[in-house]
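Reviewing the structure listed below.
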C-alpha cells in the first residue's frame, strides 16, 4: 500500500506537467494568424522638385563697394610774399577752375622795382665789358707794333713774354662774369615778379579757401586747397581669391594690357546713376584689419548717364566685369549642400549625394565645373535627414527658378538669361 502511494506521488506531478504541455500546444495550434490587408507595405517616397542645367559660358561679375576720391589734390600757396590785391571769383569753396586760370595776385610793385634795378645792373655790366673790350683791342694793336719793331733789331736778346694783364685778358674775363651775374639777377627778378600771379595747376574744384583781398601773404603760406576733377579713383578692397577673375592694366614696353571694365552705380532719389571705369592698378599692400587686397578703379568721365557729376566721398556700388569661364553649370545656391555636394535623382529614382567642384559663388548662383552633367536631374527641394539611396519621386508641374541657368529642355531666347555673376 505504501509503495502504491509513493508511485502515485511521483507520477501525478509528471502527468500534470505532460497534460499542461499538451494543452498549451493545442491552444497554439488552434490560434489563427492576424488578418492582413493582402498587400505588402510600400517604402515611403519623398516628392521633390528637380531641374536639369546646360553648360554655358559665363562672365564673372565681382561686386564690391568703395568711396570716391580725387586722383590728385594739393595745397595752393604763393612763392612770393606781399599783399593780395586781387582774387578770382572762382576761388571759392566748390568753385571750378580751369588749368592755367589766374587765381589771385600779389602786389607786384616791389618786385617790379627789383626788375628795374636788375635791368640797370645788366646795362652797366654790358658797358663795362664793351669798355674793357675796346681797351684790349688798343692794347693788342700796340703789342703787335712793338713785336714788329723788336723783330727788326738783331742785336736785341730773346723776346720777353708779354703778360696777360697787359693784354687785358683777366679784365675781359671779370667783365664777362659780372655780365653773366647781372643777367642771372635780372632773370631772378623777373621770375619773382611772375610769381606774384598764381595760376591753377590743373582743372578741378576748390576745396577750401583762407584768403581775402588785402591779406599779407608769406612765401609758402597755404591759402587754398583744390583737387583734380577727373579722373576719379576708387580704392576697392577685395578678398585675394577674387583677383583671379580681374585683369589689371599693365604697361609693358609699347604695349598696354587693358584692365577689366568696372560699372560704378549709385541710386539717388529713385534714379540709378552709372559711370564706367577701368581697373588701373593694384596696391602692393594688404589691409591689416580685413586682410584684403586693394585695387584702384579710375573713372575718366565723372558725369553719369543722367548728367550727375560724381562728388568726392560718396559710397558707390562697383561691379567689375571679370574674366569669362566656359562649360560651367550655374545652379541655384540653395541646391548646393553640405561639404560641396549636390543631390541628384538617379535613373531608378534614388537619391545620389554627389561631390562637385565649385569655382565661384554669389548670392543667387553657384558655378560648378565638375561633378554634374547636362543629363543629371538636380534636386532643388530640401529633404530633412537626407540619406544616400532614399526613394524619390519627381513633382509634377515643376516651375523653373528665374535668374538661374536655363533648363536643358528650354531654348534660351533671352540674351541676359543665365548670365553669371
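Pulled fully out, how much extra length does the chain show between residue 113 and residue 73, if you take 0.36 nm times their separation in residues and subtract their Cα-Cα distance?
Length difference between fully extended and current span is 10.9 nm.
Kindly put 367, 202 in sequence by how many other C-beta atoms sit within 10 Å of each C-beta, fewest to most.
Starting with the residue having the fewest Cβ neighbours, the order is 202, 367.
Arrange the following residues from fewest to most other Cβ atoms within 10 Å of their Cβ: 273, 58.
Listing 273, 58 from fewest to most nearby Cβ atoms yields 273, 58.
Evaluate the distance, in nm, between pseudo-label points positioned 7 Å from the Cα of residue 370 and of residue 216 along their respective Cα→Cβ axes.
Rounded to a tenth, the inter-label distance reads 8.0 nm.
Assuming R0 = 35 Å, can you tell me the calculated FRET efficiency for the pair residue 141 and residue 180, based on Cβ-Cβ distance, to the nearest 0.05?
With a Förster radius of 35 Å, E is 0.80.
Within the range 46-77, whose backbone N sits under 15 Å from a point 7 Å along Cα→Cβ of residue 333?
Hits in the range 46-77 for residue 333 at 15 Å: 61-64.
Would you mind getting me the FRET efficiency between residue 44 and residue 22? Use the beta-carbon distance for r and R0 = 60 Å, nearest 0.05.
The value I calculate is 0.85.
Using 7 Å Cα-to-Cβ label points, what is the residue 63/residue 165 separation (nm, one decimal)?
9.2 nm
Values quoted throughout were computed directly from the atomic coordinates according to the rules given, and no laboratory measurement underlies them. Because the structure is predicted, anything quoted here is derived from the model rather than measured. Here the Cβ is made from the backbone with ideal geometry for all residues, glycine too, and neighbour counts use every protein chain on show.
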